[in-house]
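Notes to accompany the following structure.
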Amino acid sequence: MIAYIGGKYRMAKWISSFMPRSMKVYAEVFGGAFWNYVKGDFICDEAHYNDVNRFMVNLFACCAQPEEFSKWVDAVEPQDRVLYDKYKQDIKCYMDPSAPTFPIPQFEIAQKYVYLVTQTFSGIMSENAKMVDLKGKYKSKYLSFADRLHKPKICERLNKVQASNLSYEKFVPMVDSSDS
């Protein structure tokens, strides 16, 4: 859904060609940007997303409700440096390892996070990240993300997503079955 280090955007169709065309349960243990599922050429009844990055888990928990989440995403315009800096400060308090975790889903946190990662180089979100200025020449990745939330085929897939923020030791037994 977004640029992310290690993302499989360009390889998702190829990877899905090795999977069964139809399955009951699809699960990503280390979900990342979830491109294998979003762009995959297969059908499933359930989709499970898991990742250690709580912000990504929250993002996909919100994406599982695309109609609601798109209202948050559509409410702001990309390439606003003041807004970028404000969101960076807002999110920073949640990045501290000693900070209490936030309940999922949180649409406002997800909107701010996706705003930040879609406007940094390769989706790298760190304290030193800077907004990439497109100078009006290119379409913002934030707008591309927003467009995906309005595509019926993608929304149909996103509605099936169940997001988890578990260790792989806990996640795998939860989703492992003869149908997954």
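The values are calculated or read from the model by the stated rules, or taken from the named source; none is laboratory data. The structure displayed is predicted, hence computed values, not measured ones. All Cβ positions, even for glycine, are placed from backbone atoms using ideal geometry, and neighbour counts span all protein chains on display. The accessibility values were calculated without ligands, DNA or RNA, using every heavy atom of the protein model including side chains. Shrake-Rupley method; radii C 1.70, N 1.55, O 1.52, S 1.80 Å.
Values as computed for the structure displayed
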read-out	value
Simple Cβ-charge dipole of region 15-78, Lys/Arg +1 and Asp/Glu -1, about Cα centre, in debye nearest 20	220 debye
Separation in nanometres of the label points that stand 7 Å from Cα toward Cβ, at Tyr9 and Val25	3.1 nm
Relative counts (whole %) of C-alpha pair distances in region 21-127, using bins that are 10 Å wide	13, 43, 33, 10, 1
Semi-axis lengths, Å, region 94-180, gyration tensor of Cα atoms, sqrt of 5 times eigenvalues	28, 21, 12
For region 24-118, size of Cβ-based charge dipole, Lys and Arg +1, Asp and Glu -1, in debye	280 debye
Solvent exposure of the chain as accessible area per residue, Å², 1.4 Å probe	55 Å²
At most 14 other Cβ within 10 Å, DSSP loop - trypsin sites (Lys or Arg not before Pro), region 1-92	Arg10, Arg21
Acute angle (nearest 10 degrees) that the helix 54-63 long axis makes with the longest principal axis of the chain, alpha-carbon atoms	80 degrees
Filtered chymotrypsin sites (Phe, Trp or Tyr not before Pro), region 1-58: DSSP coil and at most 12 other beta carbons within 10 Å	Phe18, Phe30
Percent accessible area from carbon and sulfur atoms, the chain, protein chains only, probe 1.4 Å	55 percent
Calculated from backbone phi, Karplus (6.51, -1.76, 1.60) coupling profile of region 10-26 in Hz, x at Gly/Pro	7, 9, 4, 5, 5, 4, 5, 5, 8, 9, x, 5, 9, 8, 6, 10, 10
Estimated dipole of region 60-180 in Debye, rounded to 20 [Cβ of Lys and Arg +1, of Asp and Glu -1, Cα centre]	500 debye
Where only alpha carbons of region 50-94 are counted, the Rg and the Dmax (Å)	12.2, 32
Distance violations [Cα-Cα > 30 Å] among Lys71/Lys137; Lys13/Lys170; Lys130/Lys153; Lys88/Lys153; Lys24/Lys141; Lys24/Lys130	Lys130/Lys153; Lys88/Lys153; Lys24/Lys141; Lys24/Lys130
Square roots of 5 times each gyration tensor eigenvalue, C-alpha, the chain, largest first, Å	27, 19, 14
Neighbour-limited loop hits for GluC sites (Glu not before Pro), region 69-157 (at most 15 other Cβ within 10 Å; DSSP other than H, G, I, E, B)	Glu127
Rough spin-label spacing in nm, given labels placed 7 Å along Cα→Cβ, for Ala99 and Glu68	2.2 nm
Residues Asp41 and Asp147, FRET efficiency given R0 of 25 Å [Cβ-Cβ distance, rounded to 0.05]	0.80
Dipole of region 8-77 [Lys/Arg +1, Asp/Glu -1 at C-beta], most positive-end residue of Cys44, Phe18, Ala33	Phe18
